[in-house]
Amino acid sequence: MQGRPQSQGRPDEQQLPLGQAAPPVEVRRSRRRRRSVTAFREGGTIVVSIPARFTRAEEREWVSLMTQRLADKERRRRPSDAVLLARATELSRTYLGGLARPSSVRWASNQNSRWGSCTPADGSIRISDRVKGTPSWVLDYVLLHELAHLLEAGHGPRFWALLEAYPRTERARGYLEGLAAARDLPVPEDEDTDDVDDVDEADGAGDGDDGTDEVQVGTDAR
């Protein structure tokens, strides 16, 4: 039936981790919206935009569907440390012939002027939590950048040659440049550390990911 999503379980049930409260939801009806429903976050609130013609029952069903789809999309773009390590290992195998072997990959909250860093001596990689929520191909680039540094410390020709096989290197660098400019982030200074500082704002840096935490579905979707 047009105007109703395909049911998967109880229509009023949203799957949430144990102990996690559902975020507030604001429903916005639009007379100009005809055949689509959109969900996105606005601050701490989930906003679901629906056609004004929807009945209350249709509203409940679509709110349940769209909040779950939004949560699924956010979860895919904010992977755990274990998922980061598995992804980095796969990227190394695909683009670096498996030569880079990270011992650990984790999110870091203390990297305010860089997107990532690594310590070649022990193979550890840290990714700034500011990368969370970026498109998957941007995260892949940041991971690959750090993996390449496990093999080549500097940013010379040999380093960039390692990244030539990744098809979205330039696009990802442009995305990160724009993100840094939009957030007015500081340009990092050189530091005397045992880490390789890279993918910083000065450096520039499956898909179909548009870079937004928003989902949209046609009302006749089955």
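The values are calculated or read from the model by the stated rules, or taken from the named source; none is laboratory data. Quick caveat: nothing in here was measured; it's all calculated off a predicted structure. Please note: Cβ atoms are built from the backbone with ideal geometry, for glycine as well, and neighbour counts cover all protein chains shown.
A single member of THR67, THR134 is among the β-branched types (Val, Ile, Thr) and either assigned by TED's automatic domain parsing to the domain that holds GLY174 or surrounded by fewer than 19 Cβ atoms within 10 Å (Cβ to Cβ) (or both), and it is THR134. Please verify whether region 151-173 includes one or more residues that are in contact with a Gly (Cβ under 7 Å, 6 or more places away or on another chain), outside the structural domain of ARG41 (by TED's automatic domain parsing) and part of a helix (DSSP H, G or I). Yes, some residue in region 151-173 is in contact with a Gly (Cβ under 7 Å, 6 or more places away or on another chain), outside the structural domain of ARG41 (by TED's automatic domain parsing) and part of a helix (DSSP H, G or I). Within the option set THR119, THR134, being touching an Asp or Glu at 6+ places or on another chain (Cβ under 9 Å) and under 18 Å from ALA39 (Cα atoms) holds for one residue only, THR134.
Going by what's in this entry, would SER113 be described as modelled with pLDDT of 85 or more and among the small types (Gly, Ala, Ser)? Judged against the criteria, SER113 is not a match. When region 34-62 is filtered for residues that are of a type in the set (D, E, K, R) and modelled with pLDDT of 90 or more, the ones remaining, listed by number, are ARG53, ARG56, GLU58, GLU59, ARG60, GLU61. No other residue among GLY123, GLY156 is more than 18 Å from the chain's Cα centre (by Cα) and on the phi > 0 side of the Ramachandran plot apart from GLY123.
Count, please, the residues in region 40-60 that happen to be part of a helix (DSSP H, G or I) and either surrounded by fewer than 19 Cβ atoms within 10 Å (Cβ to Cβ) or in the same structural domain as LEU162 (by TED's automatic domain parsing) (or both). Before the answer, list the steps.
Of region 40-60, the ones part of a helix (DSSP H, G or I) are 56-60.
Filter once more, so that each one left must be either surrounded by fewer than 19 Cβ atoms within 10 Å (Cβ to Cβ) or in the same structural domain as LEU162 (by TED's automatic domain parsing) (or both): 56-57, 59-60.
Result for region 40-60: 4.
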